[in-house]
Amino acid sequence: MIKTAYLDSIVSRETSKKIVKYCDFLIKYNKNLNLISKSTESIIMSRHIEDSAQLLKYINIEDNNILDIGSGAGFPGIVMYIIKNDLNINFKLDIVEKSSKKCTYLQELCKFLEIDVAIHNHDVNNLKKKDYTTLVSRAFKPLDSFLNILDMSNIKFNKILLLKGQSYNIEIDEAKKNWEINCDTHESVTNPGSKVLVINSVKKI
Ligand SMILES: C[S@@+](CC[C@H](N)C(=O)[O-])C[C@H]1O[C@@H](n2cnc3c(N)ncnc32)[C@H](O)[C@@H]1O
């Protein structure tokens, strides 16, 4: 029903229906909120859903308490949360998103999809909960700024998963001027040249 290679290989029929409901809901809200670029509505499955879902490849049993930073339309966190059961993975999901309008949309979305996600309408710097196993993020900040924000906000984590475009290596080189980073890069299943960054440890120089 979904027709993208990676997604079709992992999702059940029931999850597939839920993803279609999610996309319809998002596109309806996109008329008034700038959730995704209008030009990507027709390719939402590959551009946004599959792109987000691929982070599940790097989730294991220890990643039981995940924070999605700057989730916007719900990417990547909500997509990962919807699909996790098909892969026998379980985790609690928190989202921090500073836009009140997007948080209202996210609350409505979670109600609509009947999923239990903690949504924090804050600037990430003011997030009260500080302890997570795993951070995920997409199209939020360049790596060096992202690591600075984590440092300033005192958020604790064991692993970071990031979706990055073709200039990922420039971002890594910039960040390495200020941080000692243990990072694996993996090919994106959706965009040739894009990467998934798996950061296993980071220390300020
Ligand atoms: C470019 S959008 C990306 C949204 C989504 N992750 C995606 O991939 O489509 C960046 C999002 O981060 C949110 N954001 C920006 N700065 C933030 C901050 N300091 N704390 C929390 N959210 C923030 C914005 O409101 C926006 O929804």
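The values are calculated or read from the model by the stated rules, or taken from the named source; none is laboratory data. What you see is a predicted model; the values in this text were computed from it and never measured. All Cβ positions, glycine included, derive from the backbone under ideal geometry; neighbour counts span all protein chains shown. Just the protein is used for accessible areas: all its heavy atoms, side chains included, with ligands, DNA and RNA removed. Shrake-Rupley method; radii C 1.70, N 1.55, O 1.52, S 1.80 Å.
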Which listed residue is open to solvent by less than 50 Å² (accessible area, probe 1.4 Å) and touching a helix residue (DSSP H, G or I) at 6+ places or on another chain (Cβ under 7 Å), from Lys204, Lys195: Lys195
Residue in region 119-130 that is farther than 17 Å from Ile66 by Cβ and touching a Gly at 6+ places or on another chain (Cβ under 8 Å) present: no
So Leu135, is it more than 10 Å from the ligand (Cβ to nearest atom), buried (at least 17 other Cβ atoms within 10 Å of the Cβ) and in contact (Cβ under 8 Å) with a residue 60 or more places away in the chain: yes
Filtered residues of region 76-129 (kept if away from the ligand (no atom under 12 Å from the Cβ), open to solvent by less than 30 Å² (accessible area, probe 1.4 Å), assigned to a loop (DSSP other than H, G, I, E, B) and not hydrophobic (A, V, I, L, M, F, W, C)): none
Tabulated pairs, region 90-113, first among the polar types (S, T, N, Q), second in a strand (DSSP E or B), C-beta under 8 angstrom, 6+ apart or interchain: Gln107/Ile119
Residues located in region 98-128, provided they are more than 17 Å from the chain's Cα centre (by Cα) and closer than 23 Å to Lys84 by Cα: Glu108, Lys111, Phe112, Leu113, Glu114
Condition met for Phe140 (surrounded by fewer than 20 Cβ atoms within 10 Å (Cβ to Cβ), near the ligand (Cβ under 9 Å from one of its atoms), assigned to a loop (DSSP other than H, G, I, E, B) and within 14 Å of the chain's Cα centre (by Cα)): yes
Some residue of region 28-45 being of a type in the set (A, V, I, L, M), over 17 Å from Asp8 (Cβ atoms), surrounded by fewer than 18 Cβ atoms within 10 Å (Cβ to Cβ) and touching a residue at least 40 places away in the same chain (Cβ under 8 Å): yes
Some residue of region 152-168 being in a helix (DSSP H, G or I), of a type in the set (Ser, Thr, Tyr) and farther than 25 Å from Leu7 by Cα: yes
Condition met for Asp51 (over 21 Å from Ser194 (Cα atoms), crowded, with 18+ Cβ neighbours inside 10 Å and not hydrophobic (A, V, I, L, M, F, W, C)): no
Complete set of residues in region 34-60 that are in a loop (DSSP other than H, G, I, E, B) and modelled with pLDDT of 95 or more: Leu35, Ile36, Ser37, Ile59, Asn60
Lone qualifier among Asn148, Asn169 - being within 14 Å of the ligand (Cβ to nearest atom) and either at negative phi or open to solvent by 60 Å² or more (accessible area, probe 1.4 Å) (or both): Asn148
Inter-residue pairs, beta-carbon under 6 Å, first over 19 Å from Glu114 (Cα atoms) and in region 64-81, second near the ligand (Cβ under 6 Å from one of its atoms), 6+ apart: Ile69/Val96; Ile69/Val124; Ile69/Phe140; Gly70/Phe140
Of all residues making up region 66-75, the number that are surrounded by 24 or more Cβ atoms within 10 Å (Cβ to Cβ) and under 13 Å from Asp123 (Cα atoms): 3
Count of residues meeting criterion [part of a strand (DSSP E or B) and open to solvent by less than 70 Å² (accessible area, probe 1.4 Å)] in region 172-183: 3
